[in-house]
Amino acid sequence: MDLGLEGKVALVTAASKGLGLGAARALSAEGCKVVVCARDPDGLAAAASSLPGEVLAIAADVTDPATPATLVEQTIARFGSLAILVANAGGPPRARAMEVTDATMRDALEANLLTSVRLVQAAVPPMRETGWGRIVCITSFGVKQPIGTLALSNTARTGLWAWAKTAAQDLAPDITLNLACPGLHATDRAKELGTTGRLGDPDDFGAVIAFLCSAQAGFVSGVALQVDGAATLGLL
């Protein structure tokens with residue numbers, strides 16, 4: 001299927017590895033010009049070199065409040081437009097609900113809620129100029145089924161889901177805003193958490209992202225789509 005993405009400009013953050021890289025790779029394979037961002041310059045350079053299409057790599061910390069606007073500005077300066085945003089950031093450490101502190105909660109909210117809000121707010125104006133946009137925030141299936149050992153992630157990402165669900169109404173019909181909610185995938189994050197058992201493929205996850213960004217997905221907005229191999233047990 002032709003997803004209608006040839007020549008579109010995409011910005012993917014936290015894209016040097018894992019699910020971010022899977023998303024960048026899928027969009028690049030569909031003909032997008034891709035801007036990738038990550039903190040580690042060496043890892044970012046290696047990731048950029050693995051993409052099949054035209055790419056701009058920007059080493060930056062996406063959780064810095066000034067970075068989202070800067071990334072959008074540099075994207076426009078290089079490619080002249082921005083049609084797709086995939087907002088991603090590393091997850092917070094393990095903690096059960098009674099173990100969180102003010103400091104760890106603030107860090108989680110900064111990285112996994114406010115960072116994505118800032119990215120969306122920066123990306124929307126150039127999308128509105130062209131009358132077309134696709135935004136996907138990578139979160140976790142924990143927004144549907146909280147994970148007992150990841151209270152910080154559950155809280156911050158569910159807050160983002162509430163914000164995105166509200167914002168999607170304001171952006172329709174020209175710009176879609178969805179959440180992609182991964183379960184366990186073969187990433188460094190899964191290794192850090194000591195994950196065992198069946199794991200998803202980051203490239204398969206990237207293909208789901210590409211569809212949510214496609215021309216055909218223009219009526220899919222305000223959705224939190226779990227990509228978790230049937231791990232989520234809830235009916236809603």
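The values are calculated or read from the model by the stated rules, or taken from the named source; none is laboratory data. A quick note: this is a predicted structure, and the numbers were derived from the prediction, not measured. A quick note on method: Cβ atoms are made from the backbone with ideal geometry, for glycine too, and the neighbour counts reach across all protein chains shown.
Taking the conditions (1) part of a helix (DSSP H, G or I); (2) among the hydroxyl-bearing types (Ser, Thr, Tyr); (3) within 27 Å of Ala207 (Cβ to Cβ) in turn, Ser81 satisfies each one other than (1). The condition (being of a type in the set (A, V, I, L, M), surrounded by 19 or more Cβ atoms within 10 Å (Cβ to Cβ) and closer than 19 Å to Val124 by Cβ) is satisfied by just one residue among Leu82, Leu44, Leu3: Leu82. For the stretch 153-183, taking the residues that are part of a loop (DSSP other than H, G, I, E, B) and small (Gly, Ala, Ser), the one that is modelled with the highest pLDDT is identified as Ala172. Taken over the stretch 55-72, residues that are in contact with a helix residue (DSSP H, G or I) (Cβ under 8 Å, 6 or more places away or on another chain) and over 23 Å from Asp188 (Cβ atoms) amount to 5.
Screening Lys191 against (1) at pLDDT 95 or above; (2) farther than 27 Å from Asp2 by Cβ; (3) out of contact with any Leu (no Cβ under 9 Å at 6 or more places or on another chain) leaves a single unmet condition, (1).
Yes/no matrix, rows are residues, columns are (1) buried (at least 20 other Cβ atoms within 10 Å of the Cβ); (2) under 29 Å from Phe219 (Cα atoms); (3) touching a residue at least 24 places away in the same chain (Cβ under 8 Å):
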position: Leu56; (1), (2), (3): no, no, no
position: Ile76; (1), (2), (3): no, yes, yes
position: Arg157; (1), (2), (3): yes, yes, yes
position: Ala164; (1), (2), (3): yes, yes, yes
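Which pairs do you get when a residue that is at positive phi, found in the stretch 27-43, comes within reach of a residue that is surrounded by fewer than 24 Cβ atoms within 10 Å (Cβ to Cβ) and charged (D, E, K, R), reach meaning Cβ atoms under 7 angstrom, with the pair 6+ apart or on two chains? Every condition considered, the pairs that remain are Gly31/Glu6. With touching a helix residue (DSSP H, G or I) at 6+ places or on another chain (Cβ under 9 Å) and either at pLDDT 95 or above or at positive phi (or both) as the only criterion, which of Ala186, Ala207 stands out? The unique qualifying residue is Ala207.
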